[in-house]
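We did not get these values from a lab; they are worked out from the coordinates using the rules stated. As the structure is a computational prediction, the values presented were derived from the model and not from experiment. Positions of Cβ are generated from backbone atoms using ideal geometry, with glycine treated the same way; all protein chains shown enter the neighbour counts.
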């Protein structure tokens, strides 16, 4: 698949008169460009979205001009305080700051935007060009990254167990995906729907990384947060989607507690009912589905999961209801008797969940 | 009034368990207060915390109404705490042998659950003091990182 290679540009670079001419006078062969230009001209003020212009030549030597969605990123620096948002250090289109965390956050948000926009046609978190806000250097020795409902926040880590949380693009994708879930399925952050909320973030966090590095299902690590641990920790990552429970085994931290099958489901009051633990079960169901289909996981398995969270799904869906919804999504897009439906069913069966279509 | 044996038993035991977070690792800190002068120093802070309002059953479902559909305004319009994801969750446990009706071996027990986004005022002061003055309880290789 050819990817648009133009850099991001500010909206104002394409002057309105040019957009008007494209919109009104473009010949029929430029219909995509004309439609995009019309869309760009009719956006509500104040303009929330950005666009980028892609120029290419088609097989008949015709010029193809396309307006593509583009991210609008804003990175803040909390300067080691636990106060948000902090001071702004980089806006969309500005040069790298030289601060590793700020630039990793900026680039990671761009990679995440690219997956959702280029693969699933989603324009940012809300599908309406919402600005992507991130804050780095939050707190002192702060061992976490989180989504606060409006922005992604990254700590530097303590330097002994955790390094900085912007170091893995899967973490940045995970946090942004929490925003996408908030605007779509809005899964309740408790118990099974909470573990699904976590799993959806891991799925798209992993896919951001795979899409960025063009990895197929065999090349992908299926790890979440690779490189977040310091070298002193015996562990590769925080979670493994292919083999939950094997990401780390360390003297100080203990062993990765994630289950990968319903028979090992953890009942606990901590962690909102184990949302970061039992997410291993749907994580592995996605992995099994993707491996059964082969190729690039974002193309079919990822599409089915994206269709599932953007369709009618109850915010209180448990694993069985979510599994049934993925089967419905696969059947609707690929057909009842498709290999995709079989792969999805096999994926859930592999973690101990029998699934039949609800519709 | 106090026998020798009860002097050995801690008057207050405070345990902070921090779960959740992106990593899903649970960390614990524990303080045992044996000395009455020490207990007198801890008690005002312990009593200032709204234990009843933060009892595990009283904590509202953290999902909240955050459903900013089409037309939702600015990011962050959802109330903090209702749509925070990957935040830490603090469980604070107190065993108090000096409370009314309690005695050594049968302490009054209280538990609170406080999400990071609500950790302010006396809760924050109490948690930070337990972390500063208490012992970290290692998860270790023998135990898993979570209580089953």
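Annotations
- Kirkwood's formula applied to the C-alpha pairs of the range A:104-162 gives a hydrodynamic radius of 12.6 angstrom.
- Between residue A:63 and residue B:32, the simple spin-label model (points 7 angstrom out along Cα→Cβ) gives 8.1 nm.
- Computed label-point distance, nm, for sites residue B:40 and residue A:357 using a 7 Å Cα→Cβ extension: 7.5 nm
- Here residue A:338 and residue A:262 are evaluated by their C-beta separation; at R0 = 25 Å the FRET efficiency comes out at 0.45.
- On full extension, the segment bounded by residue B:137 and residue B:98 gains 11.6 nm, given 0.36 nm per residue less the C-alpha separation.
- Cβ-based exposure ranking for A:88, A:266, in which fewest neighbours within 10 Å come first: A:88, A:266
- The alpha carbon gyration tensor of the range A:130-258 gives principal lengths a ≥ b ≥ c with a/c below 1.5, which makes the shape rounded.
- Gaussian network model of chain A, Cα within-10 Å springs - most flexible of A:176, A:313, A:288: A:313
- Amide N of the range A:281-298 lying under 18 Å from the label point, which is placed 7 angstrom from the Cα of residue A:216 along Cα→Cβ: A:287-298
- Residues B:114, A:269, ranked from the fewest to the most other C-beta atoms within 10 Å, line up as A:269, B:114.
- Distance from the Cα centroid of the range A:302-348 to that of the range A:186-254 is 21 Å (rounded to whole angstrom).
- Remark: spin-label model distance residue A:269-residue A:56 equals 5.7 nm, labels positioned 7 Å along the Cα→Cβ axis.
- Residues A:289, B:97, ranked from the fewest to the most other C-beta atoms within 10 Å, line up as B:97, A:289.
- Only helices enter this figure: runs of n ≥ 4 DSSP H residues, each worth -39500 (n - 2.57), summed and divided by the residues of chain A, yield -11500 deg cm²/dmol at 222 nm to the nearest 500.
- The shape of chain A can be summarised by an equivalent ellipsoid whose semi-axes, obtained from the alpha carbon gyration tensor, come to 35, 27, 17 Å from longest to shortest.
- From the alpha carbon centroid of the range A:269-300 to that of the range A:157-185 is 16 Å.
- A Gaussian network model of chain A, with springs between Cα atoms under 10 Å, assigns the largest mean-square fluctuation among A:303, A:182, A:232 to A:232.
- Gaussian network model of chain A, Cα within-10 Å springs - most flexible of A:64, A:344, A:188: A:64
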